[in-house]
Amino acid sequence: MAAEEDPCSFASPSRCLTRHLYLRCRVDFGTQALRGTAAFTARAEGEALRCLVLDTRDLQVFKVTVNGQDAKFVFGEKHSFKGAPLEITLPFELRRGQEAIIEISFESSPKSSALQWFTPEQTSGKKHPYLFSQCQATHCRAIFPCQDTPAVKLTYYAEISVPKELVALMSANREGEMPDPEDSSRKIYLFSQNVPIPCYLIALVVGALEHRKIGPRTLVWAEKELVDKSAYEFAEAGDRSLSNVIAHEISHSWTGNLVTNKTWEHFWLNEGHTVYLERRIGGRLFGEQFRHFQALGGWRELQNTINTLGDKNPVTNLVPNLHGVDPDAAYSSVPYEKGFALLFYLEQLLGGPDVFTGFLKAYIQQFAYKSIITEDWKKFLYSYFKDKVDVLDKVDWNAWFHAPGMPPVKPTYDMTLSNACVALSQRWIQAKECDLGSFSSADLKEMSSHQLIEFLAQLLLEAPLPVSHVKRMQEVYDFNAINNSEIRFRWLRLCIRSKWEEAIPLALKMATDQGRMKFTRPLFRDLYNFDKSRDLAVKTYLEHRASMHPVTSMLVGKDLKQDQ
């Protein structure tokens, strides 16, 4: 069993399992901390349990009881990114199958890697503070002690005390609210999650929030200043070209949340399948050519990532070895896009999208509510397609799973929508100074925003354009006026790589205005690599790092050599 344990966690679920959490806590904006109790229903899985080990990071623990009796506890040695194990000695022996309630009084640190605290000035409304959590991959342990591994799933019930002018939301059903009996300026929100989930899916948001209904069972929550705009963007019409993000997160209901990777080494099981389902939804909405176009864009994204990380880098394996590796540092588009490419390739090998969707439905039914590894997935694939074993045996599984760099085979893509992007990008790449007059706004007339993203992505794969070219591109296409973040991001990267100094303030603005790591990190990296903007990039990072998400701040700091 030992080989199955998670290298990113101190917990030993093979000896003891936490099955339910009752969380009571107070959100304190003054001290930027959560303080309260986490009570776990724990079941002994092995013989004669006397000690339980939980994951923690930067937490204070005041008291531990087991079935109401005081228990001794001690923190083990602190690890560079795993945190410190909390070792609890049970006051009595727990035999296999027996359960106990383990209650821990805790307080999170203001520097918790899971929590981002905003001052009122940092919000749209400017009146009230705001908090949100992000526990994936291994940050739940920075809120309260837990078995912080996706191998363990639990249900939870929570009571969250917040200032009464604010609203709390969680990744759970809202069960009502009541005045806080201990403090009349606060109220308590109640939540229950009856589906067992890995603890990285526990989520909390607190702020001056309002909601709008956008469907029979769908609400959008945001600050009052943004809620109508958000409701519009998430309904169905207008530009709304980034609806694939919504499709992706909804698809996680099945792949990731219902069927979960057992350890972060098998993250592609979550993300590769979710990208596959997201693109099937896109195909239903916008046609099969569009699905192929998105798939090809993903292949380019994978090429880009592998160019950055290096094609011999072991974190570009589909199933990387994470012993001694921080899962945040290993995070990239590889599990998403290499994982998708494998599924897309298998779809083409095994009889097309409908046949393959039949497999996915069966796979989700087979492993619902479970956490699995790649080997479980592969065994099920072979049993489902038992009449096509000869076809499956021709797949180079070892290269797909355990070799770095690009996949051993490239799937077949319908190029219809991609050809216009390739043709235009080639025109720019081959253009001499004297040809720049041949470009005009008419070049983009027939192109969707997705095609603009692909056109810019094509240019980013090549050597940087001369600065005269990007200046002309701005004259004829006015990309600076486009607010679609995916287009803007690639356009500004192109400008910085072409050493266009006028783009420096725009790139710095985008890198700091929004907090998404997928935009912030590459923009800062490109700005650092341009000698004219290096010092300013470092200065801007140092000014903004306190308001960045802790994980983003840490990784950008590494990129800018500021982590010493």
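Annotations for the structure displayed:
- Restricted to strands (runs of 3 or more DSSP E) entirely inside region 130-223, those with at least 1 residues that are in contact with a Pro (Cβ under 9 Å, 6 or more places away or on another chain) and closer than 28 Å to residue 56 by Cβ are 130-133, 153-163, 186-198, 204-207.
- Test result for residue 246, assigned to a helix (DSSP H, G or I), closer than 28 Å to residue 448 by Cβ and modelled with pLDDT of 90 or more: no
- Selection over region 525-543 of residues that are under 19 Å from residue 513 (Cβ atoms) and not in a helix (DSSP H, G or I) gives a count of 1.
- Matching option when the condition is in the same structural domain as residue 354 (by TED's automatic domain parsing) and surrounded by fewer than 18 Cβ atoms within 10 Å (Cβ to Cβ), among 287, 297: 287
- Residue match in region 5-19 (condition: among the basic types (Lys, Arg), touching a residue at least 60 places away in the same chain (Cβ under 8 Å) and assigned by TED's automatic domain parsing to the domain that holds residue 200): yes
- The set of residues from region 450-470 being surrounded by fewer than 16 Cβ atoms within 10 Å (Cβ to Cβ) and assigned to a helix (DSSP H, G or I) comprises 461, 467, 468.
- Residue in region 391-414 that is farthest from the chain's Cα centre (by Cα), counting only those that are part of a loop (DSSP other than H, G, I, E, B) and more than 22 Å from residue 305 (Cβ to Cβ): 394
- Unique residue being under 23 Å from the mean Cα position of the chain (by Cα) and in a loop (DSSP other than H, G, I, E, B) when the list is 315, 319: 319
- Residue within region 317-331 that is of a type in the set (Gly, Ala, Ser) and either crowded, with 19+ Cβ neighbours inside 10 Å or touching a Gly at 6+ places or on another chain (Cβ under 6 Å) (or both) present: yes
- Selected residue (criterion: farthest from residue 130 (Cα to Cα)) from residues of region 517-557 that are among the polar types (S, T, N, Q) and over 21 Å from the mean Cα position of the chain (by Cα): 529
- Residue selected from region 88-115 under the condition closer than 30 Å to residue 552 by Cα and over 24 Å from the mean Cα position of the chain (by Cα), by the criterion surrounded by the fewest Cβ atoms within 10 Å (Cβ to Cβ): 105
- Residues (under 16 Å from residue 375 (Cα atoms) and in contact with a Lys or Arg (Cβ under 8 Å, 6 or more places away or on another chain)) located in region 401-413: none
- Cβ pairs under 6 Å, 6+ apart, first in region 333-347 and in the same structural domain as residue 395 (by TED's automatic domain parsing), second aromatic (Phe, Trp, Tyr): 335/267; 335/268; 339/268; 340/276; 342/400; 343/276; 347/356
- Meets criteria (of a type in the set (A, V, I, L, M, F, W, C) and closer than 26 Å to residue 111 by Cβ) for residue 548: yes
- Among residues of region 474-488 that are at negative phi and modelled with pLDDT of 90 or more, those with a beta-carbon under 9 Å from a residue that is of a type in the set (Val, Ile, Thr) and surrounded by fewer than 16 Cβ atoms within 10 Å (Cβ to Cβ) at least six positions away or on a different chain give the pairs 488/482.
- Residues of region 320-332 classified as acidic (Asp, Glu) and free of Cβ contacts under 8 Å to residues at least 40 places away in the same chain, total: 0
- Restricting attention to region 55-71, the residues that are out of contact with any helix residue (DSSP H, G or I) (no Cβ under 6 Å at 6 or more places or on another chain), in a strand (DSSP E or B) and surrounded by 12 or more Cβ atoms within 10 Å (Cβ to Cβ) total 6.
- Subset tally (residues that are assigned by TED's automatic domain parsing to the domain that holds residue 352, of a type in the set (Val, Ile, Thr) and either crowded, with 16+ Cβ neighbours inside 10 Å or at pLDDT below 95 (or both)) for region 382-428: 1
- Candidate set: region 29-52, residues that are of a type outside the set (A, V, I, L, M) and crowded, with 19+ Cβ neighbours inside 10 Å; chosen: the one nearest to residue 96 (Cα to Cα): 40
- Qualifying residue in region 235-252 (condition: in contact with a strand residue (DSSP E or B) (Cβ under 7 Å, 6 or more places away or on another chain), surrounded by fewer than 19 Cβ atoms within 10 Å (Cβ to Cβ) and more than 24 Å from residue 407 (Cα to Cα)): yes
- Taking first residues from region 425-453 that are within 14 Å of residue 470 (Cα to Cα) and partners that are modelled with pLDDT of 95 or more and among the basic types (Lys, Arg), the Cβ contacts under 7 Å between residues at least 6 apart in sequence or on separate chains come to 436/472; 439/472.
- Single match in 336, 331, 345 (criterion: among the aromatic types (Phe, Trp, Tyr) and at pLDDT below 95): 331
- Boolean, residue 506 is buried (at least 21 other Cβ atoms within 10 Å of the Cβ), in contact (Cβ under 8 Å) with a residue 24 or more places away in the chain and either more than 30 Å from residue 116 (Cβ to Cβ) or hydrophobic (A, V, I, L, M, F, W, C) (or both): no
- The listed residues are 52, 115, 90, and the only one of them that is of a type outside the set (Val, Ile, Thr) and within 30 Å of residue 547 (Cα to Cα) turns out to be 115.
- Number of positions in region 181-209 that are without any contact (Cβ under 8 Å) to a residue 40 or more places away in the chain and touching a strand residue (DSSP E or B) at 6+ places or on another chain (Cβ under 7 Å): 9
The values are calculated or read from the model by the stated rules, or taken from the named source; none is laboratory data. Remember, it's a predicted structure, so these values are computed and weren't measured experimentally. Methodologically, a virtual Cβ is constructed for each residue, glycine included, from the backbone with ideal geometry; neighbour enumeration extends over all protein chains shown.
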